[in-house]
Amino acid sequence: MRIEARILVERDSQKGMVVGKGGAKIKEIGTRARQQIEPFLGQKVFLGLKVEVLKNWTRDRQRLKLLGYDFE
């Protein structure tokens, strides 16, 4: 199974923290997530992670709705 996921941050500096030096942090995040997902699904998983900067997304109600957050 293949799962592709986006990690959204609001600033370039946050992206650097999530990716880490040489990609070490994002690799750790992916490994830990995959270790939890595989037993849940009962099969091996390829987890593709992408970190994206989306300015002020946490303060934009319409953008949050597009991302699947529900306020009702």
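The values are calculated or read from the model by the stated rules, or taken from the named source; none is laboratory data. This is a predicted model, so every value here is computed, not measured. Note that each Cβ is placed from the backbone with ideal geometry, even for glycine, and that neighbours are counted across all protein chains shown. Just the protein is used for accessible areas: all its heavy atoms, side chains included, with ligands, DNA and RNA removed. Shrake-Rupley method; radii C 1.70, N 1.55, O 1.52, S 1.80 Å.
Worth pointing out:
- Mean residue ellipticity at 222 nm, helices only, the chain: -13500 deg cm²/dmol; runs of at least 4 DSSP H residues each add -39,500 (n - 2.57), and the sum is divided by the number of residues.
- Principal-axis analysis of the Cα atoms of the chain puts helix 24-41 at an angle of about 70° to the longest axis.
- Within the chain: Cβ-based charge dipole about Cα centre, in debye rounded to nearest 20 (Lys, Arg +1; Asp, Glu -1): 240
- In order through the range 7-16: 3J(HN,Hα) via Karplus (6.51 cos²θ - 1.76 cosθ + 1.60), integer Hz, x for Gly, Pro: 10, 9, 10, 9, 9, 4, 5, 5, 4, x
- Dimensionless Rg ratio for the chain, taking C-alpha atoms and the 2.2 N^0.38 Å reference: 1.28
- Extension gain for the segment Thr58 to Arg34, taken as residue separation times 0.36 nm less the Cα-Cα distance, is 6.1 nm to one decimal.
- In sequence order, the range 61-67 has phi-based couplings of 4, 5, 5, 4, 5, 4, 7 Hz under the Karplus curve 6.51 cos²θ - 1.76 cosθ + 1.60, θ = phi - 60°, and Gly or Pro positions carry x.
- Solvent-accessible area, 1.4 Å probe, carbon plus sulfur percent, for the chain: 52
- Average accessible surface area per residue within the chain, 1.4 Å rolling probe, Å²: 80
- The trypsin sites (Lys or Arg not before Pro) of the range 15-72 that meet both conditions, a loop assignment by DSSP and at most 10 other Cβ atoms within 10 Å of the site Cβ, are Lys44.
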